[in-house]
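Reading through the structure tokens given below for one structure.
Since every read-out is calculated from the coordinates, none of them should be taken as a lab result. Everything quoted here is computed from the prediction, not taken from an experiment. Cβ placement follows ideal geometry from the backbone for every residue including glycine, while neighbour counts extend to all protein chains displayed.
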Amino acid sequence: VERLVEVEKRLQELNDETKERERTMTSTIKDMVASSKTQKAHGIHMALMVSATEEGVGRTKSVCLQLVSIAIISVQLMVLYTIMWESSSSRCMEHADCKAGEFCGSSWLYHRTSPGACMDCLYALENREISGFFDFSGMSGELWTESIKYCNATDVFPTRCDHLVHNRDILSGAGVMVLGFSAVIALIPAIQDLDQCNDEQLVMIARHGLSPLFYVSHRLRFYLVPLFVVGATAALILSNAFTSQDFLLNGLAIGFASSIDDMLSFFFVTKARRERIEGVVETTLDQQERVAGWKRNRLYGITLALTLFVTVLFCEDLIQIFGDDSRRVYQEDGVRRTSCADILDVTWEFPGCLIYFVALLMSAFNERNTTWRKVAQDALMTLLIKVL
């Protein structure tokens with residue numbers, strides 16, 4: 001009997017320990033989920049903005065905190081533009097390093113061929129110097145002759161971009177579906193950033209009023225960051241084979257690169273500080289305005305995804321409209337050509353035109369712009385930032 005009593009007591013202790021561990025694990029999971037939600041909802045820019053608008057903060061410190069926010073955005077834009085640039089004009093040491101229909105030459109950026117930049121065989125076959133993007137001064141006569149021979153032997157479509165033609169030929173229906181899925185994946189962090197922009201603007205207006213530096217920061221994140229995300233994703237996809245695997249990996253890569261500010265928030269902002277920011281947000285924000293901003297951002301995100309989808313699928317057609325070099329050659333001899341060098345123009349200019357058009361619509365139908373004067377001011381400032 002005593003042994004049974006001891007066993008029963010031990011079983012009860014084990015049962016109590018198990019319940020305690022379950023409660024601890026449940027509490028830990030809840031804390032992790034809450035921390036994750038706070039991190040995703042409010043990034044480093046919200047932390048900087050709340051710190052800049054707290055009582056007792058001097059003007060100099062407030063300006064410095066807002067400049068830090070703009071500096072983070074600038075770094076993010078430089079990373080995305082570098083991806084665009086390197087994907088559209090990859091570096092090379094020899095002709096074999098380049099894609100089909102390209103040869104290894106010298107661009108205005110490198111002024112040498114070791115390393116050089118991959119260029120469309122159009123320029124070697126036509127033996128003409130096109131001012132602007134490419135500069136052949138770094139190539140000797142022997143290298144130029146070798147490039148012409150290489151392009152004569154390998155360029156299958158002299159008037160088209162060979163690797164774009166090849167990628168369209170191998171693209172399957174399933175690949176088109178994965179492309180659309182990858183476009184959404186790449187833009188999800190950008191859409192989350194748009195939600196953060198909306199919350200930050202509402203909190204700034206409620207706490208301090210809209211400052212000029214914050215206005216610039218907001219416009220950079222609302223229009224330029226999505227433009228660079230679309231351009232970088234399109235350039236990265238167009239520089240690789242049109243396969244489902246490459247579509248998905250490229251979309252994930254750009255989505256990761258565009259969430260730099262959230263990673264900085266996780267690294268620099270303490271848990272106590274995030275809870276403080278959460279409290280400020282919950283007590284300050286108007287839920288109706290948040291819902292209106294949420295709807296606008298989803299429509300904006302759908303437009304961005306469609307823009308990326310069209311840019312990739314119809315790049316060769318868009319080159320004839322937006323490609324600087326293709327237009328210049330056409331004006332010389334009247335023969336339509338699509339240069340691989342103009343992929344950068346397409347991934348930059350076509351999404352830029354659509355995004356600015358959407359920006360004008362959002363300025364006109366924004367409930368905070370109650371007069372035509374505010375609508376015009378908002379539209380002009382957006383145009384100025386785009387031009388800069």
Discussion item. If I take R0 = 51 Å and measure r between the Cβ atoms of Arg10 and Phe268 in this structure, what FRET efficiency does the formula 1/(1 + (r/R0)^6) give, to the nearest 0.05?
Written reply: 0.60
Worksheet entry | Phi to ³J(HN,Hα) by Karplus 6.51 cos²θ - 1.76 cosθ + 1.60 over segment 164-172, Hz, x for Gly, Pro | 5, 4, 5, 5, 5, 5, 8, 6, 9
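Determine, from the Cβ-Cβ distance of Leu361 and Ile205 and an R0 of 25 Å, the FRET efficiency 1/(1 + (r/R0)^6), rounded to the nearest 0.05. Before the final figure, lay out each step's value.
Details: r = 21 Å, r/R0 = 0.86.
About 0.70, to the nearest 0.05.
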Practice prompt. Starting at the first residue of segment 146-161, write each ³J(HN,Hα) from the Karplus equation 6.51 cos²θ - 1.76 cosθ + 1.60 with θ = phi - 60°, in whole Hz, x for Gly and Pro.
Written response: 5, 5, 4, 4, 4, 5, 4, 8, 10, 6, 7, 10, x, 9, 9, 8
Item to complete: Hey, can you grab everything whose amide H is under 5 Å from the amide H of Ala117? Only 5+ residues off in sequence or another chain; H modelled, so Pro and N-termini drop out.
Response: Cys92, Gly105, Ser106, Ser107
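With the Cα gyration tensor of segment 174-321 in hand, convert its eigenvalues to equivalent ellipsoid semi-axes via √(5λ) and list them largest first in whole Å. Mind dumping the intermediate values first?
Values: eigenvalues 215, 56, 35 Å².
Ellipsoid semi-axes (Å, largest first): 33, 17, 13.
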Discussion item. Counting C-alpha atoms alone, how compact is segment 178-263: give Rg to one decimal and Dmax as a whole number, in angstrom.
Written reply: 15.2, 50
Item to complete: At 7 Å along the Cα-to-beta-carbon direction for both Asp169 and Cys353, put a label point, then send me their distance in nm to one decimal.
Response: 2.9 nm
Discussion item. Residue by residue through segment 84-100, what is 3J(HN,Hα) from phi via Karplus (6.51 cos²θ - 1.76 cosθ + 1.60, θ = phi - 60°)? Round to whole Hz and write x for glycine and proline.
Written reply: 4, 5, 5, 6, 7, 9, 5, 7, 8, 10, 8, 4, 5, 6, 8, 6, 4
